[in-house]
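S.K.: Pasting in a structure now, in structure tokens, and then I'll have a few things to ask.
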Amino acid sequence: MRILLSLLVLAAAATSQAQERPAGLARDDHVPPEMPETRLSVPGGEVVVRVASGSLALPRDRVLAWIEQSARVVAAYYGRFPARHTSLLVVPRAGRGVSGGRAWGHRGAAIRITLGEQATEADLKRDWVLVHEMIHLAFPSVPSRHHWIEEGLATYVESIARAQQGRLDAVTMWSELAAGLPKGLPQPGDRGLDATRTWGRTYWGGALFALLADVEIRRRTDNRHGLQDALRAILAVGNIETSAELPAVLDIGDRATGVPVLAELYARMKDAPSPVDLDALWRELGVRTNDGGVTLDDAAPRAATRRAITAPPPPAVPSGEPR
Ligand SMILES: [Zn+2]
């Protein structure tokens with residue numbers, strides 16, 4: 001993490017050096033002009049964007065628009081963007097699409113995102129990586145054995161947040177969850193989420209925790225509350241810049257919803273395999289899987305819960321308004 005942060009700082013330094021090149025000096029035509037630092041105002045904060053050297057086919061304003069739209073999706077889910085000030089470094093790399101990202105919080109909220117030099121408008125439109133990284137900003141930094149909750153929430157909330165804003169249709173969202181969540185089920189030898197550090201249990205096991213929590217909170221509160229309320233309450237206490245113990249963080253979420261679902265689910269899944277009958281869950285929610293896709297059944301017992309999960313949330317805090 002520290003090494004990557006140093007790279008971030010170095011890349012940012014390289015950018016400002018290039019900007020400061022005195023006018024009139026011969027410019028190497030192979031080195032494209034650097035994008036200047038741009039401050040994007042988003043609901044509840046600002047994102048300061050820098051772009052490292054490279055040759056992006058996409059115009060600068062399209063890249064900025066993608067960042068701003070991603071920030072607005074995340075702000076809408078949480079009620080505000082999860083950090084007051086975020087440094088975001090875009091690193092161009094050969095190829096297409098958005099190929100990777102990373103978020104930090106120990107010296108202020110920061111994101112590094114890798115964007116293909118040949119990335120297209122369509123690549124940006126279907127990108128989920130930047131929203132995923134921005135969601136990381138919204139949860140306190142917890143000890144590394146709980147990494148699954150950071151990745152699980154980012155994986156789950158990323159799809160829900162985009163669906164709530166109409167940037168991902170509900171059928172696609174549920175079909176992606178139906179395809180991904182089996183990878184999060186415990187395998188032979190599993191010792192629970194805290195002790196099983198596989199890719200599947202970290203990303204999709206964490207996402208399974210999030211979905212189970214969401215459905216159970218909504219069941220116990222007759223859909224008055226969901227995981228979103230718990231996560232907004234947690235953000236009100238601390239974001240990625242805050243270090244915290246997981247049980248205390250979960251307790252804040254449980255107090256907001258009035259039901260101790262997060263604590264109970266954590267107790268069940270932290271140090272034991274805790275298998276989940278996903279087929280039964282899909283039947284209850286009315287998610288019918290077929291040939292790699294899904295159809296949604298509004299006559300299912302918990303179809304209202306499924307619809308509530310992707311319903312648009314209460315409005316975000318308007319930009320610049322004190323909370
Ligand atoms: Zn992540």
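S.K.: Check VAL47 against each of (1) modelled with pLDDT under 95; (2) in contact with a helix residue (DSSP H, G or I) (Cβ under 9 Å, 6 or more places away or on another chain) and name the one condition it does not meet.
M.R.: With respect to (1) modelled with pLDDT under 95; (2) in contact with a helix residue (DSSP H, G or I) (Cβ under 9 Å, 6 or more places away or on another chain), VAL47 is out only on (1).
S.K.: How many of the residues making up segment 134-161 are over 22 Å from MET269 (Cα atoms), of a type in the set (A, V, I, L, M) and more than 10 Å from the ligand (Cβ to nearest atom)?
M.R.: Count: 5.
S.K.: A follow-up question, please. When you check LEU89 against the structure, is it surrounded by 17 or more Cβ atoms within 10 Å (Cβ to Cβ) and modelled with pLDDT under 95, yes or no?
M.R.: Considered against the rule, which asks whether it is surrounded by 17 or more Cβ atoms within 10 Å (Cβ to Cβ) and modelled with pLDDT under 95, LEU89 comes out as no.
S.K.: On to the next question. If you take just the strands (runs of 3 or more DSSP E) that sit entirely in segment 81-133, which of them hold at least 1 residues that are away from the ligand (no atom under 16 Å from the Cβ)? Even if it seems obvious, please write down each step before you answer.
M.R.: On the way: elements: 85-93, 98-104, 109-116.
Filter on segment 81-133 gives 85-93, 109-116.
S.K.: Tell me, please, whether a residue that is of a type outside the set (Lys, Arg), under 20 Å from GLU133 (Cα atoms) and in contact with a Lys or Arg (Cβ under 8 Å, 6 or more places away or on another chain) can be found in segment 146-156. Walk me through how you get there before you give the answer.
M.R.: First, pick out the residues of segment 146-156 that are of a type outside the set (Lys, Arg): 146-156.
Imposing the further condition that a residue be under 20 Å from GLU133 (Cα atoms) reduces the set to 146-156.
Now narrow it down to the ones that are in contact with a Lys or Arg (Cβ under 8 Å, 6 or more places away or on another chain): 147-148.
Yes; the residues of segment 146-156 include at least one that is of a type outside the set (Lys, Arg), under 20 Å from GLU133 (Cα atoms) and in contact with a Lys or Arg (Cβ under 8 Å, 6 or more places away or on another chain).
S.K.: Residues GLY192, GLY184: which one is surrounded by fewer than 21 Cβ atoms within 10 Å (Cβ to Cβ) and either more than 30 Å from ASP291 (Cα to Cα) or within 16 Å of the ligand (Cβ to nearest atom) (or both)?
M.R.: GLY192
S.K.: Does segment 175-182 contain at least one residue that is of a type in the set (Ser, Thr, Tyr) and free of Cβ contacts under 8 Å to residues at least 60 places away in the same chain? Can you show your working first?
M.R.: Keep residues of segment 175-182 that are of a type in the set (Ser, Thr, Tyr), which gives 175.
Still in the running and free of Cβ contacts under 8 Å to residues at least 60 places away in the same chain: none.
No, segment 175-182 contains no residue that is of a type in the set (Ser, Thr, Tyr) and free of Cβ contacts under 8 Å to residues at least 60 places away in the same chain.
S.K.: Has segment 53-76 got at least one residue that is of a type in the set (Lys, Arg), part of a strand (DSSP E or B) and at pLDDT 50 or above? Show your work before the answer.
M.R.: Restricting attention to segment 53-76, the residues satisfying the condition of being of a type in the set (Lys, Arg) are 60, 62, 72.
Now drop any that are not part of a strand (DSSP E or B), which leaves none.
Taking every residue of segment 53-76 in turn, none turns out to be of a type in the set (Lys, Arg), part of a strand (DSSP E or B) and at pLDDT 50 or above.
S.K.: So which residues in segment 134-159 are in a loop (DSSP other than H, G, I, E, B) and under 25 Å from VAL63 (Cα atoms), if there are any at all?
M.R.: Looking only at segment 134-159, we keep the residues that are in a loop (DSSP other than H, G, I, E, B), and these are 137-140, 142-143.
Answer for segment 134-159, where residues must be in a loop (DSSP other than H, G, I, E, B) and under 25 Å from VAL63 (Cα atoms): LEU137, ALA138.
S.K.: Please work out if GLY226 is closer than 24 Å to PRO260 by Cβ and more than 19 Å from the chain's Cα centre (by Cα). So that I can check it myself, show each step before the final result.
M.R.: On the way: closer than 24 Å to PRO260 by Cβ: yes; more than 19 Å from the chain's Cα centre (by Cα): no.
For GLY226, the condition - closer than 24 Å to PRO260 by Cβ and more than 19 Å from the chain's Cα centre (by Cα) - is not met.
S.K.: If you check GLY205 against the conditions, is it in contact with a helix residue (DSSP H, G or I) (Cβ under 7 Å, 6 or more places away or on another chain), assigned by TED's automatic domain parsing to the domain that holds GLU284 and within 16 Å of the ligand (Cβ to nearest atom)? Step through it out loud before you land on a result.
M.R.: Details: in contact with a helix residue (DSSP H, G or I) (Cβ under 7 Å, 6 or more places away or on another chain): yes; assigned by TED's automatic domain parsing to the domain that holds GLU284: yes; within 16 Å of the ligand (Cβ to nearest atom): yes.
Answer is yes for this residue.
S.K.: Another question about this same structure. Report, by residue number, each residue of segment 287-308 that is touching a strand residue (DSSP E or B) at 6+ places or on another chain (Cβ under 6 Å) and part of a loop (DSSP other than H, G, I, E, B).
M.R.: Of segment 287-308, the ones touching a strand residue (DSSP E or B) at 6+ places or on another chain (Cβ under 6 Å) are 287-288, 294-295, 297.
ASP297, the sole residue that qualifies.
S.K.: I would also like to ask the following. Does segment 272-281 hold any residues that are out of contact with any Pro (no Cβ under 8 Å at 6 or more places or on another chain), assigned to a loop (DSSP other than H, G, I, E, B) and either surrounded by 14 or more Cβ atoms within 10 Å (Cβ to Cβ) or not assigned by TED's automatic domain parsing to the domain that holds GLY152 (or both), and which are they? Give the steps one after another, and end with the answer.
M.R.: So the first thing to find is which residues in segment 272-281 are out of contact with any Pro (no Cβ under 8 Å at 6 or more places or on another chain), and the list is 272, 276-277, 279-281.
Next, from what is left, pick out any that are assigned to a loop (DSSP other than H, G, I, E, B): 272, 276-277.
Residues satisfying the conditions are ALA272, VAL276.
The values are calculated or read from the model by the stated rules, or taken from the named source; none is laboratory data. None of these values were measured; they are calculated from a predicted model. All Cβ positions, even for glycine, are placed from backbone atoms using ideal geometry, and neighbour counts span all protein chains on display.
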